[in-house]
Structures are given as structure tokens and as C-alpha cells.
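Q: Just dropping this structure here.
A short reminder: the numbers here are calculations on the coordinates, not readings from a lab. Quick caveat, the model's predicted, so the values are computed rather than measured. Counting neighbours? That spans all protein chains shown, and the Cβs are built from the backbone with ideal geometry, glycine included.
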Amino acid sequence: MRTLNVAAPSHQYPIFIGENLLSQAGSILKPYLTKKAAIITNETIAPLYLNTLQTALASEDIDCFNIILPDGEQYKNWETLNLIFDGLMENRAERKTTLIALGGGVIGDIVGFAAATYQRGAPFIQIPTTLLSQVDSSVGGKTAINHPLGKNMIGAFYQPQAVLADLNTLSTLPSRELSAGMAEVIKYGALGDSAFLSWLEQNISELMQQNKALLADAVYHCCKMKADIVAQDETEQGIRAWLNLGHTFGHAIEAEMGYGVWLHGEAVAAGMVLACRLSEALGRLNANDTDRMISLIQKANLPTTPPKFAFEKWIAHMQHDKKVSSGVMRFIALNRLGEANITEITDTAVLKQAITPYL
Ligand code: NAD
Ligand code: GLY
């Protein structure tokens with residue numbers, strides 16, 4: 001097992017990464033748990049992993065109850081959030097009851113938001129079971145639900161007490177979901193680490209075949225990069241926005257197509273290609289670098305072109321982005337592969353240039 005520390009200004013906590021950790025979750029997480037805990041998961045993950053986690057926690061005398069939610073991005077909303085509150089109230093959860101998120105990014109984000117708001121703040125623990133959630137969403141304390149008009153629009157910055165990433169849970173992940181997670185892995189290389197990007201290019205086929213040692217290296221590396229960024233900029237006043245590479249375009253795709261139609265990682269993959277095209281239009285990146293990104297994204301079995309919809313719709317969605325400030329849209333562009341920047345776009349002509357080939 002490898003351990004990392006996230007030194008966020010509001011709260012420091014460990015990330016545990018390794019194989020077969022779920023069955024040892026009781027002893028590993030005991031120092032971060034309260035006497036009573038709610039395990040919150042969904043209908044797909046419960047039959048796979050709930051029993052193992054319950055047994056592990058019972059062995060340390062943690063008093064647990066479960067809340068099982070419907071599965072899917074389309075349920076990351078107020079109604080499902082309320083199901084969590086119903087379960088907490090019915091089971092007499094207190095302010096010191098720990099909420100345990102067992103699942104992917106959807107479960108992690110909605111449970112984190114429930115924890116941030118239940119009785120004005122209950123402790124929570126992330127047990128991410130998808131590649132995407134292990135490399136990204138479980139770390140850093142962004143919690144949220146979607147609004148029909150915009151992705152992750154309602155939420156809070158609220159850090160977990162600990163994160164436990166068991167690589168063995170990835171073995172039951174559908175291949176489409178593994179690919180979606182790989183989009184966020186590729187993102188880390190493109191935004192801040194060209195050596196990691198080269199490493200990914202060399203190892204992508206083995207990673208896609210779930211070579212556990214390589215996956216462990218990738219998860220550790222991404223969590224380390226994210227922990228470093230979150231320690232410097234917990235509430236996204238500056239460099240944390242780099243982690244949004246491809247996301248402004250990606251969130252537009254998710255909202256336009258209907259949540260859950262394109263997976264988040266798929267939308268980010270096509271979004272990163274558009275972010276490269278925007279960087280080209282700004283005169284910062286050359287077309288060979290975009291081709292390099294396209295080739296890697298394709299090897300991860302991810303889309304490199306967005307769905308077709310009108311330019312005006314792109315703009316309408318992207319004007320809802322959380323990076324919009326004083327009405328001005330801001331995008332993460334690349335100076336080169338491995339170096340991101342935040343760019344204000346006041347004239348949409350440059351966006352038109354980037355998007356037009358895909359309309
Ligand atoms: P997800 O949570 O929907 O999980 C993907 C699918 O895999 C679901 O059907 C789920 O039930 C299933 N699943 C999960 N673990 C499994 C396992 N081990 N075996 C078999 N099936 C399993 O999707 P995701 O890609 O994990 O997360 C996407 C979400 O994360 C989006 O809502 C996105 O906005 C959010 N996100 C948040 C942050 C953040 O910083 N908070 C960062 C990136 C993404
Ligand atoms: N996934 C973006 C962030 O955590 O900031």
C-alpha cells in the first residue's frame with residue numbers, strides 16, 4: 001500500500017492506494033472513522049463490494065447502515081440528494097456519523113455534498129471504485145450535483161477525512177468506464193507533466209489491459225499531482241483551474257446531449273482535442289502536438305470528435321461554466337504539451353475557428 005498526504009489548507013488527510021484494501025478498510029480507516037457510519041453506494045456497486053466493506057467495518061465495531069441509490073449521472077440531482085437525507089434521518093444519523101461514499105465520481109460528488117450540508121457538516125470518507133474517481137474526483141474536496149442547465153453547478157468545497165483506493169475494484173469496471181477514467185489520466189500529462197505524457201504513450205496498451213502495477217503507478221502519480229495543486233489552491237482561485245483542461249467543452253457536450261449519454265470522461269476526451277484546437281487558434285500549440293494528443297486519446301478507445309450541434313449552443317452552454325468571471329469566458333489552453341494556462345476569451349471568433357471543423 002502507498003500513502004499520500006493531501007495538505008489542503010482547510011484539512012489534511014491521507015490517500016491510501018493499493019490492492020485488496022477494501023477487505024482491510026476497517027483497520028486502515030479506523031483512525032479516520034466515527035463510531036457510526038452510513039455506507040452510501042448504488043445499485044450496481046452494492047452487490048459487488050458492499051458486503052466486503054460491511055464485514056471489514058464490523059470487524060472494528062463500526063455501527064453501519066446502508067443507503068443504496070439509483071445508478072447514473074442523470075441521478076446526480078436534488079431528488080437523489082434528498083434520498084440520502086431521507087436515509088440519514090430515518091437511521092438517526094448524527095453530526096458525527098461518517099458518510100462513506102463507495103463508488104465512482106457520481107457517488108463521491110453527491111455524498112460529499114450531502115456530508116457538507118447534513119447538520120451543517122458531517123465527516124465523510126471516499127472509497128473510489130472507478131479509475132476516474134481514483135485519479136481525480138475522490139481527491140480535493142469538490143462536491144456537487146448537476147443542474148439541468150449546467151454541470152456540477154450546485155456544490156461545496158468540502159474535504160474528506162480519508163480516501164481509500166483499492167485497485168482490485170477496477171477489475172469489474174466495464175471497459176468503456178476504464179477508458180473514461182483514462183481521459184482524466186491523460187489530462188494530467190497534458191496540463192502539467194510532459195514526461196508523464198510520454199510514459200503514458202509508451203504504456204497505454206498495457207494500462208488498457210489493466211496491468212495492475214502500471215495502474216498503481218498512474219493512480220499514484222495523478223493523485224500526487226492533484227494533491228500538490230490542491231495544497232496550493234484549494235478553492236480554485238488560480239492554478240486548480242488547470243485541472244479543467246477540456247472540461248469547458250466537455251461539460252457543454254454532457255449538458256447538450258443529456259447527462260449520462262456521453263460519459264464524463266468521453267466528453268473530456270473530445271473536449272481536450274477542442275482545447276488543443278483552441279490553443280492552435282491562439283497561436284500557442286502546433287498541429288503536431290494536437291495530433292499527438294489525438295493519437296493517445298484514440299489508443300485509450302476514447303472519442304476525439306464532439307457530437308455535432310450549433311455553434312450558438314456551444315456558446316450558450318459554455319457561458320454557464322464556473323470559470324466565467326464578470327461575464328467573460330475563461331478556458332484552459334496549452335502553451336505546449338505539459339504546460340497549461342488560463343485564457344480569457346472576449347472575442348468568440350477564436351472559438352469559432354476551433355469548433356467550426358466539428359460543426
Ligand atoms: P460513475 O460514478 O457514474 O461510475 C461509472 C459507472 O461504473 C457507474 O455505472 C457505476 O455504477 C459503475 N461502477 C463504479 N465502480 C464500479 C466497479 N468497480 N465495477 C463495476 N462498475 C462500477 O462515473 P465516474 O466516471 O466514476 O465519475 C464521473 C463523475 O465524476 C461525473 O459526475 C463528474 O462530474 C465527476 N467528477 C468530479 C470531479 C471532482 O473533482 N469532484 C472530478 C472529475 C469528475
Ligand atoms: N477535477 C477538477 C478539480 O478537482 O479541480
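Q: Rounded to the nearest 500, what is the chain's calculated 222 nm mean residue ellipticity when only DSSP H runs of at least 4 contribute -39500 (n - 2.57) each, over all residues? Show your work: numbers first, answer last.
A: Working: 12 runs with 150 residues, N = 359.
Estimated from H runs of four or more residues: -13000 deg cm²/dmol.
Q: Read phi for every residue in region 90-99 and hand back ³J(HN,Hα) as whole Hz from Karplus 6.51 cos²θ - 1.76 cosθ + 1.60, θ = phi - 60°, with x for Gly and Pro.
A: Per-residue couplings from phi come out as 4, 9, 6, 5, 9, 5, 9, 7, 7, 8 Hz.
Q: So in the chain, what percent of DSSP beta bridges are antiparallel if you round to the nearest 5? Working shown, then result.
A: Numbers: 20 of 43 bridges.
Around 45 percent of the beta bridges assigned by DSSP in the chain are antiparallel ones.
Q: Something else: Ordered by residue, what ³J(HN,Hα) values in Hz, to whole numbers, does region 205-213 give under the Karplus form 6.51 cos²θ - 1.76 cosθ + 1.60, where θ = phi - 60° and Gly and Pro are x?
A: 5, 5, 4, 5, 8, 6, 5, 5, 5
Q: Enter the per residue convex hull volume of the chain, computed from alpha-carbon coordinates, in Å³ rounded to the nearest integer. List each step's numbers first, then the result.
A: Details: hull volume 41.4 nm³, N = 359.
Normalising the Cα hull of the chain by residue number yields 115 Å³.
Q: So, R0 is 25 Å and r is the distance between the beta-carbons of MET153 and ARG176; what FRET efficiency does that work out to, to 0.05? Intermediate values should be presented prior to the final figure.
A: Values: r = 26 Å, r/R0 = 1.03.
Calculated value: 0.45.
Q: At 0.36 nm per residue, and after removing the present C-alpha to C-alpha distance, how many nm does the segment from GLU206 to GLN353 gain when stretched out fully? Walk me through the intermediate numbers first.
A: On the way: separation 147, 0.36 × 147 = 52.92 nm, distance 3.62 nm.
So the extension gain works out to 49.3 nm.
Q: Follow-up. Can you list the residues, at least 5 places off or on another chain, whose amide H is less than 5 Å from the amide H of THR34, using H built in the peptide plane?
A: So THR34 has HN proximity to THR98.
Q: Let me ask something else about it. Scan around ILE154 for amide H atoms under 5 Å from its own, H built in the peptide plane at 1.01 Å from N, and keep only partners 5 or more places away or cross-chain.
A: Here ILE145, HIS147 satisfy the definition.
Q: Is the C-alpha gyration tensor of region 155-305 telling us rounded, prolate or oblate? Criteria: a/c under 1.5 is rounded; beyond that, a/b larger than b/c is prolate, otherwise oblate.
A: Judged from the Cα gyration tensor, region 155-305 comes out rounded (a/c under 1.5).
Q: Also, I was wondering about something else. Taking amide hydrogens as modeled 1.01 Å from N in the peptide plane, which residues meet the under 5 Å criterion relative to GLY103, leaving out close sequence neighbours?
A: ILE127, THR129
Q: Starting from 0.36 nm per residue, how many nanometres of slack lie between GLU19 and PHE85 once their C-alpha separation is accounted for? Mind dumping the intermediate values first?
A: On the way: separation 66, 0.36 × 66 = 23.76 nm, distance 3.22 nm.
Result for the pair: 20.5 nm of gain on full extension.
Q: Suppose every K and R has +1 on its Cβ and every D and E has -1 on its Cβ; what is the size of the dipole of the chain about the Cα centre, in Debye to the nearest 20?
A: Working: 28 positive and 35 negative charges, 80 e Å.
So the dipole magnitude of the chain works out to roughly 380 debye.
Q: Still on this structure, I have one more. Using the Cα atoms of region 67-158 to build a convex hull, what is its mean projected area in square nanometres? The partial results should precede the final answer.
A: On the way: hull surface 21.2 nm².
Averaging across all directions leaves 5.3 nm² for the Cα convex hull.
Q: Okay, moving on. In whole percent, what relative contact order does the chain give with Cα contacts below 8 Å and a gap of six or more residues?
A: Working: 702 pairs, mean separation 56.7, N = 359.
The normalised contact order for the chain reaches 16 percent.
Q: Under 1.5 on a/c is rounded, so check that first for region 131-183, then, if it is not, pick prolate when a/b is larger than b/c and oblate when it is not; a ≥ b ≥ c are the square roots of the alpha carbon gyration tensor eigenvalues. Show your work: numbers first, answer last.
A: Details: a/c = 3.09, a/b = 1.37, b/c = 2.26.
Verdict is oblate for region 131-183.
Q: Right, next: Can you figure out the FRET efficiency of SER10 with ALA287, using R₀ = 30 Å and their beta-carbon distance, to the nearest 0.05?
A: Numbers: r = 42 Å, r/R0 = 1.41.
According to the calculation, E is roughly 0.10.
Q: Principal axis lengths of region 12-54 from Cα atoms, whole Å, largest first?
A: Computed over the Cα atoms, the extents are 31, 26, 18 Å.
Q: Report ³J(HN,Hα) in whole Hz for each residue of region 156-173, in order, from the Karplus equation J = 6.51 cos²θ - 1.76 cosθ + 1.60 where θ = phi - 60°; Gly and Pro get x.
A: Along region 156-173, the couplings run 8, 7, 7, 7, x, 7, 6, 10, 10, 10, 9, 4, 5, 5, 5, 5, 9, 6 Hz.
Q: I've got another one for you. Exceeding 18 Å between C-alpha atoms, which entries from my cross-link table qualify? They are LYS142/LYS323; LYS30/LYS96; LYS76/LYS323. Walk me through the numbers before you get to the answer.
A: Numbers: LYS142/LYS323 14 Å; LYS30/LYS96 14 Å; LYS76/LYS323 21 Å.
Check vs 18 Å cut-off fails for LYS76/LYS323.
Q: Also, quick follow-up: Could you tell me which of ALA333, THR356, GLN232 has its Cα farthest along the dipole of region 232-359 towards the positive end, charges placed at Cβ (Lys, Arg +1; Asp, Glu -1), taken about the Cα centre?
A: Value computed over the given set: THR356.
Q: First check a/c for region 1-123, with a ≥ b ≥ c the square roots of the eigenvalues of its C-alpha gyration tensor; if it is under 1.5, answer rounded, and if not, answer prolate when a/b is larger than b/c or oblate otherwise. All intermediate terms of the calculation are to be shown ahead of the outcome.
A: Working: a/c = 1.35, a/b = 1.25, b/c = 1.08.
It comes out rounded by the Cα gyration axes.
Q: Then there is this: For region 36-132, state which GluC sites (Glu not before Pro) are in a DSSP loop and have at most 14 other beta carbons lying within 10 Å of their beta carbon. Numbers along the way, then the final one.
A: On the way: sites: GLU43, GLU60, GLU73, GLU79, GLU90, GLU94; in loops: GLU43, GLU60, GLU94.
Qualifying residues, ordered by number: GLU43, GLU60, GLU94.
Q: I would also like to ask the following. Let's see if you can work this out: charge +1 on each Lys and Arg Cβ, -1 on each Asp and Glu Cβ, no other charges. What is the dipole magnitude of region 221-264 about its Cα centre, in debye to the nearest 20? All intermediate terms of the calculation are to be shown ahead of the outcome.
A: Values: 3 positive and 6 negative charges, 32 e Å.
The dipole magnitude comes to about 160 debye.
Q: Need the full-extension length gain, ASP63 to ILE315, defined as separation in residues times 0.36 nm minus the C-alpha distance. One decimal, nm. List each step's numbers first, then the result.
A: Details: separation 252, 0.36 × 252 = 90.72 nm, distance 4.94 nm.
Here the segment from ASP63 to ILE315 would lengthen by 85.8 nm.
Q: Under unit Cβ charges (Lys, Arg +1; Asp, Glu -1), what dipole magnitude, rounded to 20 debye, does region 204-287 have relative to its Cα centre? Working shown, then result.
A: Values: 6 positive and 10 negative charges, 32 e Å.
The dipole of region 204-287 has a size of about 160 debye.
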